[in-house]
1. For the stretch 538-562, which positions are more than 16 Å from ligand 2 (Cβ to nearest atom) and more than 17 Å from Val451 (Cβ to Cβ)?
2. Could you check how many residues of the stretch 68-88 are in a helix (DSSP H, G or I) and more than 45 Å from the chain's Cα centre (by Cα)?
3. Considering only the stretch 544-566, how many residues are surrounded by fewer than 22 Cβ atoms within 10 Å (Cβ to Cβ) and modelled with pLDDT of 85 or more?
4. Suppose we filter Leu306, Leu288 for residues that are modelled with pLDDT under 90, among the aliphatic types (A, V, I, L, M) and within 16 Å of ligand 1 (Cβ to nearest atom); which single one remains?
5. Here is a list of conditions, (1) touching a helix residue (DSSP H, G or I) at 6+ places or on another chain (Cβ under 7 Å); (2) of a type in the set (A, V, I, L, M); (3) part of a loop (DSSP other than H, G, I, E, B), and Val253 meets all of them except one; can you say which number that is?
6. List the residue pairs whose Cβ atoms are under 9 Å apart, where the first residue sits in the stretch 152-175 and is assigned to a helix (DSSP H, G or I), the second is of a type in the set (Asp, Glu), and the two are 6 or more positions apart or on different chains.
7. Can you go through Leu288, Leu178, Leu206 and tell me which one is in contact with a Pro (Cβ under 9 Å, 6 or more places away or on another chain) and of a type in the set (A, V, I, L, M, F, W, C)?
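The values are calculated or read from the model by the stated rules, or taken from the named source; none is laboratory data. Computed from a prediction, not measured in an experiment: that's the story for all the values here. Cβ sites come from the backbone with ideal geometry, for glycine too, and all protein chains shown count toward neighbours. Just the protein is used for accessible areas: all its heavy atoms, side chains included, with ligands, DNA and RNA removed. Shrake-Rupley method; radii C 1.70, N 1.55, O 1.52, S 1.80 Å.
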Amino acid sequence: MSSRLADLGVRSLEDLLFHFPLRYQDRTQTTTIGGLRDQVDAVVEAEVRAAAVTMGRRRTLLVKVEDGTGLLTLRFFHFRQSQVSQFKRGATVQLFGTPRWLGGQVEMIHPEYRIGAGADLVEAALTPVYPTASGLGQSTWRKLCSQALNLLSKNPPEDLLKQITDDDITLADAITFLHNPPPNAELGQIQQGTHPAQIRLAREELIAHQLTVQGVRDSERQHPAPAIAASSTASAAFLAGLPFEPTAAQQRVVRELAADMSQTQPMLRLVQGDVGSGKTLVAAQAALDTIAAGYQVAFMAPTELLAEQHYANLEAWFTPLKQSVAWLSGRTKGKVRQTVLNQLASGEASLVVGTHALFQEDVQFHRLGLIIVDEQHRFGVHQRLSLADKGTGDEHPHQLALTATPIPRSLAMVAYGDLDCSVIDELPPGRQPVTTTLMDHTRRDAVIKRVGAACREGRQAYWVCTAIEESDALEIEAAEATRDQLQQTLSGLRIGLVHGKLKPPEKADVMAAFKAGEIQLLVATTVIEVGVDVPNASLMIIDNAERLGLAQLHQLRGRVGRGSIDSHCLLLYRQPLSKTAQQRLKVMQDSHDGFVIAEADLDIRGPGELLGTRQTGLAAFRVALLPEHEQLLIEAQEIAGRLYESDPRRAEALMQRWAGARADFARV
Ligand code: ADP
Ligand code: MG
């Protein structure tokens, strides 16, 4: 068992104490059948009226029980014959389960149950439900935690926030409360994260987190970095070749980057800007300065397609400047790969664009001066830092992170807390707002006609296909079927197909044909989400838009509205819509502002999903909740700043206490 616990990151008594329940069940009293509320777990005591096995679509054991206030149906799909005979007519039964109303009747699926008078499903306190992984049952967790609480009461841990914050509740009491809330505890308050015990712990957790972030930043800034002067000649030649002027916001951010890079400490900067705000241009200028100073640049993107787009862009911009661009992705193999590696190690190649492949151990640079990470939120802090280690000797490169997903301030502090932030708060001139319309799937045929007509008038359109699960294979299947159907209905129209499994040259061909107007309608999977740029495309259909998250929808929609024509985005959805899907689609219809959309996203989804907990490992707080605890986070940043300098011992103890490995717990 200890090894299984260790797998979950539970190694010490403190790890156990800080392994908090996800939620609680209220088994402290019985409820009458008449008093049951939909979806609210309850203990019920009743008498068996009838039990029978039905052979419908699925073999089911149905049991009817009654308590004088109403009738309740129990439904078991997995059962043994011995269970059937247990439910004798007239027997007393105690149940714990989730009531649901179906066609005016209330039922419970697979309730826990005990037969006979004096059964004991009622408990004195609220019952904690712990996050767990297979093989460790709730009763094991409850036993371990109650032993840990025993030890805690004999030997309470140091209250590290003493004299720092004015919480009334001590650490030990707060921990005990969360593992073992008394029967009269307000479950609603706990669920909202507003109980004083949670506030006490969340505060400490957030302070510890901000201390860690500060530590990462500090240790990074201990390294020397090459001072890179802004090169006016390189910049002038580059800008002269562009068909447009940088916006004022782009120019400002370019200056902010140049100021950072002229220092002998590594730049740690994030550039935030909405889709289409022109982050690549800003990054390209920082790259040019670096190269002009004799250093190398690594430009990394999270997907192959996006990296290719950057590669194509930078090549088009830099070739006239006699500057070559190298390419390295997971698919670069054998001799080609070896050649690139040699060129990077010798310094012959000064700019490389690629994917995660750039992190790999055997990728060595001659004099790496700048790393650019696009769509930073898709990478973890550690991945960025592992690239930072590829400097020469003790020297670390400057770091520039880009993100098109504007995220609310509280989340930015969590995900990018170690970075300074610049914002491109202006879109290039001439961008048109995109009119967004929601449409029921039943009108798909009319939509197809409309798309056909628009394309014949010279417009270009995207048709984006989604899959029920996030699965490349299913998306591709959906896209192929849609392409065939559209081709049949709209014969004569030039329709293309692009998806993630196409070979890079094939994909490039399709995109080039679309850009050139040879393809009128491009059927795509969500791989076109980021980076793709075709100004003449002014119409986008997103099939089954209810399956996508807000950030993704916003990114996709950002592909249109880039030219001077009025643009439209049609979100096709299928009934029935969940409540959150309805909210999402409404937000898309009402807003174009990436920040507004991101705030709404946080409200609807919560931060774990928003950031992709797995990738960043950052949103996995044990107690703290965002955005609920945003104010605590802001205070925590301040407190952490002070502690870091004034009380390093306490700071270290706080970080240690909360640092326990954050394993992936199954959500039960
Ligand atoms: P994002 O911020 O979404 O990464 P990109 O860097 O891909 O945006 O830029 C989007 C498009 O806008 C590109 O085609 C780029 O060439 C163009 N662009 C960038 N800056 C300007 C500008 N100042 N004026 C006009 N177009 C610009
Ligand atoms: Mg971009």
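1. Of all residues in the stretch 538-562, those more than 16 Å from ligand 2 (Cβ to nearest atom) come to 538-550, 553.
Those that are more than 16 Å from ligand 2 (Cβ to nearest atom) and more than 17 Å from Val451 (Cβ to Cβ): Glu546, Arg547, Leu548, Gly549, Leu550, Leu553.
2. Of all residues in the stretch 68-88, those in a helix (DSSP H, G or I) come to 81-86.
Right, trim to more than 45 Å from the chain's Cα centre (by Cα) and you get 81-82, 84-86.
Qualifying residue count, the stretch 68-88: 5.
3. Here the count works out to 3.
4. Values: Leu288 fails: modelled with pLDDT under 90.
The match here is Leu306.
5. (3)
6. Short answer, once both residue conditions are applied: Leu171/Glu158; Leu171/Asp159; Leu171/Glu204; Ala172/Asp159; Ala174/Asp167; Ala174/Glu204.
7. Working: Leu288 fails: in contact with a Pro (Cβ under 9 Å, 6 or more places away or on another chain); Leu206 fails: in contact with a Pro (Cβ under 9 Å, 6 or more places away or on another chain).
The unique qualifying residue is Leu178.
Here's the yes/no breakdown for (1) buried (at least 16 other Cβ atoms within 10 Å of the Cβ); (2) modelled with pLDDT under 85:
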{"position": "Glu66", "(1), (2)": "no, no"}
{"position": "Gly70", "(1), (2)": "yes, no"}
{"position": "Arg75", "(1), (2)": "yes, no"}
{"position": "Gln94", "(1), (2)": "yes, no"}
{"position": "Gln105", "(1), (2)": "no, no"}
{"position": "Gly116", "(1), (2)": "no, yes"}
{"position": "Tyr130", "(1), (2)": "yes, no"}
{"position": "Gln138", "(1), (2)": "no, yes"}
